[in-house]
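The values are calculated or read from the model by the stated rules, or taken from the named source; none is laboratory data. What you see is a predicted model; the values in this text were computed from it and never measured. Cβ: placed from backbone, ideal geometry, glycine included. Neighbour counts: every protein chain shown.
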Amino acid sequence: MAASGLAATFAVVMLGATLPTPMYVLYQQELQFSPVTQTVIFAVYAVGVLGALLLAGRWSDQLGRRPLLLAGIVFSLVSSLVFLPAGPVWVLLVGRLLSGVSAGIFAGAATAAIIEAAPESWHGRGPAVATAANMGGLGLGPVLAGLAVEYLPAPLQLSYAVHAVLVGLCALLVYLAPETVTPVERPSLRPQAVEVPADVRTVFALAATAGFAGFAVLGLFTAVSPRIVSELVGSPSHVLAGVPSLLLLGASVVTQIAVRRFGTDRTLDVGCVLLVAGVLLIALSVAQGSLAELLAGAVVAGAGQGMAFSKGLAAVNARVEAHRRAGTTSSYFVVCYVAISLPVVGVGAASQAWGLRTAGVVFCLLVAVLAAVALAALLVLQRREHRAPAR
C-alpha cells in the first residue's frame, strides 16, 4: 500500500533526526567540547528545517511529491554518512544541518503525500497517520540509538550505518509510490512568504506563545535530557537516556490523535494547563534528581505540547482567510522551530556558568510562566470573542 510505505519512510527519515540524542555525552567525552557546543550541534538542525520550510515549502505542489521526497531522502542519507566518522565538531554540525533540511522537506511534502495517497479505508485518518509517523519517528530515534550504544559494537557508527541502509530502502518505496500531483509547466520556486494578517495577529501571538513553550520543552528533552539522566539522576544507561524523549513525543502523538475532534479553544486551554503542570514536574525532577518525576513530567508536558501545538495551529487557521493560510501556517512553524533551537543553546551556556541543575530549573520555570501567560491571555480573548455577538 503506497500510503503505508510513505508513512514508514516518513518515520525512518524523522528517526534519523533524533538518533544523536543518546550519543551527545559520548561525543562530548571523545571530542572534548563544551556544553554550549553540544547544544549548538543540536540546534543547527532547526536551522536546516527552517531553511527547507521557507525555501522549498511549496515546491512539491508544483514539482510533484515524489521529486521532493526523493531529495529529502538524499539529504537524510548523506546526513547519516557524514555522521559515520564521529567527528570533528564541524562534521557533526554539517550532519545535523543536512538532517534538518531533510526533515524540513518531509514536513510538508510527506504529510501531503500520505493524505493524498490514503485509501478509502483510511477515510479521515490520513493527517493522524502522518502525525504519528512524524512524531513517532522522532520518539523512536533516541531509544533505538540508546539500545545500540548500550549493547552493540561501534556505538557512534552502527546506528547511522543501519539508518543509511533503511533510508536507501525507503527510496525504493517512494519511487514506486504513485505521484499525486500534476507538475506545473512553469513552476515558481521563490522562497515562501512568512506572513501574519493583521486581523489574526492577537490570536496568533497567543497560540504561538503556547507553541513556543511546548517546542522549547521538546528541544530541552532531545538535546539535554541525556545529561539530566546521567549527571542529575545518576544513571549511566544510554537506553534510559532516550526514554524521556520517547515518552514526551509519544504522549504528544497520542494526544494530538485523541483530541483531533475536540473543540479548539477549550482543548488549547487544557494543553496550556498540562504544559505548565508538566514543566513544573520536570523542574522538580531536575532539582531533586528524581527519575520518576522526570518521566511523569515528560508524559504530562508531552500531552500539553501536543494539544497546544495542534489546537494552537487550528485556532489560527480557523480565523484566517484561506488564501492567507499557507503563509500564516509557515509563520507558526517558524516560531516553533526557533523555540527548539535558541532556548536550548541558552541552557547550554547557563549550565556552563551555573551548573546543569540551576540552569534546568530556571529554564523550566520560565517556560511554565510563558505557558501560563499564554493561557491567561487566551482566556481573556476567548471570553471577549464569545461576548461579541451579544453586543
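For region 279-291, which positions are crowded, with 20+ Cβ neighbours inside 10 Å and not hydrophobic (A, V, I, L, M, F, W, C)?
Passing the criteria: only Ser285.
Return the residues of region 98-110 that are touching a helix residue (DSSP H, G or I) at 6+ places or on another chain (Cβ under 6 Å) and touching a residue at least 60 places away in the same chain (Cβ under 8 Å); say none if nothing qualifies.
Keep residues of region 98-110 that are touching a helix residue (DSSP H, G or I) at 6+ places or on another chain (Cβ under 6 Å), which gives 98-106, 109-110.
Within region 98-110, Ser99, Gly100, Ser102, Ala103, Phe106, Ala110 qualify.
If you scan region 266-287, which residues turn out to be within 21 Å of Leu206 (Cβ to Cβ) and not small (Gly, Ala, Ser)? Break it down stepwise before answering.
Applying the first criterion (within 21 Å of Leu206 (Cβ to Cβ)) to region 266-287 yields 266-280.
The answer is Arg266, Thr267, Leu268, Asp269, Val270, Cys272, Val273, Leu274, Leu275, Val276, Val279, Leu280.
Return the residues of region 49-90 that are closer than 16 Å to Gly141 by Cβ and either polar (S, T, N, Q) or modelled with pLDDT under 95 (or both); say none if nothing qualifies.
Once the filter is applied, which keeps residues that are closer than 16 Å to Gly141 by Cβ and either polar (S, T, N, Q) or modelled with pLDDT under 95 (or both), region 49-90 yields Val49, Ser76, Ser79, Ser80.
Hey, can you tell me all the residues within region 259-278 that are among the small types (Gly, Ala, Ser), over 25 Å from Ala11 (Cβ atoms) and either buried (at least 19 other Cβ atoms within 10 Å of the Cβ) or in contact with a Ser or Thr (Cβ under 9 Å, 6 or more places away or on another chain) (or both)?
Here is the first cut: in region 259-278, the ones among the small types (Gly, Ala, Ser) are 263, 271, 277-278.
So of that shortlist, the ones also over 25 Å from Ala11 (Cβ atoms) come out as 263, 277.
The answer is none; no residue qualifies.
Does Ala109 satisfy the condition of being of a type in the set (A, V, I, L, M, F, W, C) and more than 15 Å from the chain's Cα centre (by Cα)?
On the way: of a type in the set (A, V, I, L, M, F, W, C): yes; more than 15 Å from the chain's Cα centre (by Cα): yes.
Yes, satisfied.
Which of the residues that make up region 270-311 are touching a residue at least 40 places away in the same chain (Cβ under 8 Å), under 13 Å from Val361 (Cα atoms) and not small (Gly, Ala, Ser)?
If the condition is that a residue be touching a residue at least 40 places away in the same chain (Cβ under 8 Å), under 13 Å from Val361 (Cα atoms) and not small (Gly, Ala, Ser), then Val279, Leu280, Ile282, Val286, Leu294 are the ones that fit.
Across region 296-333, which residue is surrounded by the fewest Cβ atoms within 10 Å (Cβ to Cβ) among those that are under 28 Å from Ser34 (Cβ atoms) and aliphatic (A, V, I, L, M)?
So, considering only residues that are under 28 Å from Ser34 (Cβ atoms) and aliphatic (A, V, I, L, M), the one surrounded by the fewest Cβ atoms within 10 Å (Cβ to Cβ) is Ala298.
Would you mind finding the one in Leu53, Leu77 that is aliphatic (A, V, I, L, M) and within 18 Å of the chain's Cα centre (by Cα)?
Numbers: Leu77 fails: within 18 Å of the chain's Cα centre (by Cα).
One residue alone meets the criteria, Leu53.
Restricting attention to region 131-163, report how many residues are of a type in the set (Gly, Ala, Ser) and surrounded by fewer than 19 Cβ atoms within 10 Å (Cβ to Cβ).
2
Identify, from the list Pro127, Pro88, Pro22, the residue that is outside the structural domain of Tyr332 (by TED's automatic domain parsing) and over 21 Å from the mean Cα position of the chain (by Cα). I'd like the intermediate steps shown before the answer.
Details: Pro127 fails: over 21 Å from the mean Cα position of the chain (by Cα); Pro22 fails: over 21 Å from the mean Cα position of the chain (by Cα).
Going through Pro127, Pro88, Pro22 in turn, just one is outside the structural domain of Tyr332 (by TED's automatic domain parsing) and over 21 Å from the mean Cα position of the chain (by Cα): Pro88.
Report every pair of residues separated by at least 6 positions or lying on different chains whose Cβ atoms are under 7 Å apart, first residue within region 336-365 and assigned by TED's automatic domain parsing to the domain that holds Leu280, second charged (D, E, K, R).
Every condition considered, the pairs that remain are Leu356/Arg227; Leu356/Glu231.
Identify, from the list Leu274, Leu280, the residue that is more than 28 Å from Arg261 (Cβ to Cβ) and either outside any helix (DSSP H, G or I) or modelled with pLDDT of 95 or more (or both). Can you show your working first?
Numbers: Leu274 fails: more than 28 Å from Arg261 (Cβ to Cβ).
When all the criteria are applied, what remains is Leu280.
Those residues that are acidic (Asp, Glu) and assigned to a loop (DSSP other than H, G, I, E, B), I need them from region 125-179; list them, please. So that I can check it myself, show each step before the final result.
Here is the first cut: in region 125-179, the ones acidic (Asp, Glu) are 150, 179.
Of everything in region 125-179, just one residue is acidic (Asp, Glu) and assigned to a loop (DSSP other than H, G, I, E, B), namely Glu179.
Limited to region 207-237, what total is found for residues that are over 19 Å from Leu275 (Cα atoms) and either touching a Phe, Trp or Tyr at 6+ places or on another chain (Cβ under 9 Å) or among the small types (Gly, Ala, Ser) (or both)? I'd like the intermediate steps shown before the answer.
Our first condition is that a residue be over 19 Å from Leu275 (Cα atoms); within region 207-237, this holds for 226-237.
With either touching a Phe, Trp or Tyr at 6+ places or on another chain (Cβ under 9 Å) or among the small types (Gly, Ala, Ser) (or both) added as a condition, the list becomes 226-228, 230, 234-235, 237.
Here the count works out to 7.
Being of a type in the set (A, V, I, L, M) and surrounded by 20 or more Cβ atoms within 10 Å (Cβ to Cβ) is true for just one of Ile73, Ile115. Which residue is that?
Working: Ile115 fails: surrounded by 20 or more Cβ atoms within 10 Å (Cβ to Cβ).
Of Ile73, Ile115, the one residue that is of a type in the set (A, V, I, L, M) and surrounded by 20 or more Cβ atoms within 10 Å (Cβ to Cβ) is Ile73.
Within region 223-258, take every residue that is farther than 30 Å from Leu93 by Cα and surrounded by 20 or more Cβ atoms within 10 Å (Cβ to Cβ) and give me the one that is modelled with the lowest pLDDT. It would help to see each step written out before you state the result.
The first filter runs over region 223-258 and keeps only residues farther than 30 Å from Leu93 by Cα, leaving 254-258.
From what is left, the residues that are surrounded by 20 or more Cβ atoms within 10 Å (Cβ to Cβ) are 255-256.
Values: Thr255: 93, Gln256: 88.
The qualifying residue modelled with the lowest pLDDT is Gln256.
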